[in-house]
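The values are calculated or read from the model by the stated rules, or taken from the named source; none is laboratory data. Please read all numbers here as calculations on a predicted model, not as lab measurements. Because the Cβ atoms are built from the backbone with ideal geometry, glycine has one as well, and the counts that use them run over all protein chains shown. Ligands, DNA and RNA are stripped out before the accessible areas are found, and what is left, the full protein with its side chains, is counted by its heavy atoms. Shrake-Rupley method; radii C 1.70, N 1.55, O 1.52, S 1.80 Å.
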Amino acid sequence: MNILKFFTAGSVDDGKSTLIGRLLYDTDSILADQLEALQSSNRKNDDGSIDLAILTDGLRAEREQGITIDVAYKYFQTEKRKFIIADTPGHIQYTRNMVTGASTANLAIILVDARNGVVEQTIRHSYLVSLLGIKHVVVCINKMDMVNYSEDVYSSIINKYKDLAKQLKLADVNYIPVSALKGDNIVQNSVNMDWYKGESLLHFLEKVDTDNLDKSQLARMPVQWVIRPQTDELHDYRGYAGRVLSGTFKVNDNVTIIPSGATSTIKRIEFFDQFPDAAHAGQSVTIHLNGDVDISRGDTIVNASALTQDTKLIEADLCWMDGRALDTSITYLIQHNSKTTKCKVSEILHKVDINTLEKHDADEFKLNDIGRVIIKTADTLAFDLYDDNRANGSAILVDSRTNLTVGALMFRAAM
Amino acid sequence: MSEYNFDYLDELEAEAIHILREVAGQFEKPALLFSGGKDSITLVRLAEKAFRPGKFPFPLVHIDTGHNFQETIDYRDQMVERIGERLIVGSVQDSINDGKVVEQTGKNASRNSLQTITLLDTIAKYEFDACIGGARRDEEKARAKERIFSVRDEFGQWDPKRQRPELWNIYNGRIHKGENVRIFPISNWTELDVWNYIRREKIELPSIYFSHKRDVITRNGQLMAASPFLNMDNEDIVFNKQVRFRTVGDMSCTAAVESEAVLIDDIISEISASKISERGARLDDKVSEAAMEDRKKGGYF
């Protein structure tokens, strides 16, 4: 059994929370006391049934206003998979929360209201999916019950969406007609849409293969911590602890340390009481190297045959996440895996109107703005381009005056 | 997974180890909050995997309400001895003696809420800048929205509307002096995941997690262990039941469930079939719909 992380884009009006509530409800993931709390709540659907959307509204303000403000994480599991849902708000003023939720997802569910079809919000959400490099997309045409389960309505919406998917270069797009409210094609195949021959949403999520598209072969491990017991019997022990971001390291592999450029070979790989021959993407291990190498937190061990980009000038997409606008005259901190260094946003190349996808020249960058910038870093980062290696092609900007995370960066080109 | 076996427990474990090592790398004086419950016991195993054969870069901190199950305290002391790490105890009784908090009165009196003050005082006394805790997002709806690195102001308060965006696997632990960060490495684990992990790793647990005979009373529809810490009166009828505990907290707020589960396998089947969530056995969450959110805003774990 493995884990699928997905996020849902859409607003409450599209039935996003209802869809998640339905997935949880129909997979028996709601427990009796939660259900009891739900039933005793004042919010009900028009027909008196339980409003499943309440399940995902965690904060008092969200329940009061009936909207999602922040990312909520929900968990359920079937015999085939464990699922982690990042439930994100859909309104434009919460774009940064959606970017946050999308950053860890392997798959996106985009909700389209069958009555309205592809609208401005659909374009915005799909743009964010492509920006964040999520390769798998499921477009759920929701509220099919409100359009008499019409195949024509469904077909015309997906034809329109296909143009958008092509424009955004989305790799793997799938379409499912659903009614979250009534439960059509969520867990069970719908009896109301004989014309739909595909799978229900849950069955699709259970079997979608996210490995082949998402994995980079470039072997990278940022060093988080150096283990040095300094006891008598372990006097010379130096283990470099970290999580393999991508690719595979094997014992005897030639490796290079970035940024120093020092080279070595892997002596031993250690994981608690085991000494495996190889360490793979996703694993947290300890690596021992031959010879004397000077390595500390913030350095990255990479395979010597595939080095990272070597530059302090990076072209990147930036999503601004702070109430205080970007100031190109001040120094920010950039955090890239275990490395933090100073940086400046030296130039704004353009801003994107995320509702129309048009690019504009811009002097300022405010909350939720997205566009292309040039970053100048104080130290060299051991980075890859986001499209080549998502795990090593991203970073955050931190404002050292407030310590807040103010920007999300996706590296697009080395300059 | 194609060429190597890396299942969901391996992935959760690797993520938690990564988070623990980030704590070690980013903070000067971190601490691991240890309650004696299964979640913090799991954290200790994860810390062993993150840092052995080195020492933990943090002490264990137990906020002791003084109303513990003796089994938990015995377990704690044996475990600390086995792993050879430092234990700091912050005592609610001391906070009461110092006049910092006042013991609640009445039938539902509990020291659970008093813990917050003792916790904040302990953080201040030792100048901890990060506290690792075993909270999980599946436990409760406010927790479902909390970050893995959750910044608290100098009063220990959580502000759900001003949370930092947390992107990819990058955790921003930068804080001003006086603030601290609560860190939740097993945020993405469910109760069942924790039990499956405990089974896989053959981790020993305090005996109260398993079925045993105990004197109990009924309080607000739940079974509570009869103890001097409950304000019992003539209306409370003590009877003996075969029970176990699903969470381990203060004796005055942790309810027992009827259970015959004596092995971890039994517990896992019981949970898989159960229709009551884990925190359903916690009286402290039942006060209102936003009980946890309010306590977190006040500085709770």
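Leaving ligands, DNA and RNA out of it, report the carbon-plus-sulfur percent of the accessible area of region A:313-414 at a 1.4 Å probe.
Looking at region A:313-414 in its full context, I get 42 percent from C and S.
Counting Lys and Arg as +1 and Asp and Glu as -1, each charge on the Cβ, what is the dipole of region B:198-260 about the Cα centre in debye, to the nearest 20?
Taking the Cα centre of region B:198-260 as origin, the dipole is about 400 debye.
Over region A:313-414, what is the relative contact order in percent, taking alpha-carbon pairs closer than 8 angstrom and at least six residues apart?
39
Output the residues of region B:173-196 meeting this criterion: accessible area (heavy atoms, 1.4 Å probe) in the chain alone minus accessible area with all protein chains in place is 40 Å² or greater.
B:174, B:176, B:188
Taking region B:1-111, how many lysine pairs are there with alpha carbons less than 25 Å apart, if each pair must be eight or more places apart or span two chains?
The result is 6.
Normalising by the residue count of chain B, find the relative contact order in percent from Cα pairs under 8 Å and 6+ residues apart.
Relative contact order here is 20 percent.
Excluding residues on the same chain fewer than 8 positions from residue A:80, give the aspartates and glutamates whose Cα lies under 17 Å from its Cα.
Leaving aside aspartates and glutamates fewer than 8 places away in the same chain, those within reach of residue A:80 are A:26, A:28, A:199, A:206, A:209, A:211, B:7, B:10, B:11, B:193.
Compute the helix-to-body angle for A:120-131: its Cα long axis versus the longest principal axis of chain A, expressed 0 to 90° and rounded to tens.
So the helix axis and the longest Cα principal axis differ by about 20 degrees.
Could you work out the relative contact order of chain A, using alpha carbon pairs under 8 angstrom and six or more residues apart, expressed as a whole percent?
Reported relative contact order: 12 percent.
Excluding residues on the same chain fewer than 8 positions from residue A:162, give the lysines whose Cα lies under 18 Å from its Cα.
A:135
Mind checking the angle between helix A:151-167 and chain A's longest principal axis? C-alpha axes, 0 to 90 degrees, to the nearest 10.
20
Any chance you could check region B:8-22 for residues losing 10 Å² or more of accessible area when the partner protein chains are in, compared with the chain on its own (1.4 Å probe)?
Flagged in region B:8-22: B:8, B:11, B:12, B:13, B:14, B:15, B:17, B:18, B:21, B:22.
Past 24 Å, Cα to Cα: identify those pairs from A:74/A:169; A:166/A:359; A:74/A:197; A:16/A:82, in the order given.
Violating the 24 Å Cα-Cα cut-off are A:74/A:169; A:74/A:197.
Counting only heavy atoms of the protein chains, get the accessible area per residue of chain B (1.4 Å probe) and round it to a whole Å² value.
Per residue, chain B has 39 Å² of solvent-accessible surface.
Show me you know the interface measure: the accessible area buried between A and B, both chains summed, probe 1.4 Å, in Å² to the nearest 100.
Approximately 6100 Å², summed over both chains.
Straight distance only, please: which lysines reach the Cα of residue A:312 with their own Cα at less than 18 Å, same-chain residues fewer than 8 apart left out?
Within reach: A:339, A:342, A:344, A:376.
Once both axes come from the Cα atoms, what is the angle between helix A:16-26 and the longest principal axis of chain A, in degrees from 0 to 90, rounded to 10?
Once rounded, one gets 90 degrees.
Applying 1/(1 + (r/R0)^6) with R0 = 30 Å to the Cβ-Cβ distance of residue B:55 and residue B:203, what FRET efficiency is obtained, to the nearest 0.05?
Efficiency at R0 = 30 Å is approximately 0.90.
Leaving ligands, DNA and RNA out of it, report the carbon-plus-sulfur percent of the accessible area of chain B at a 1.4 Å probe.
48
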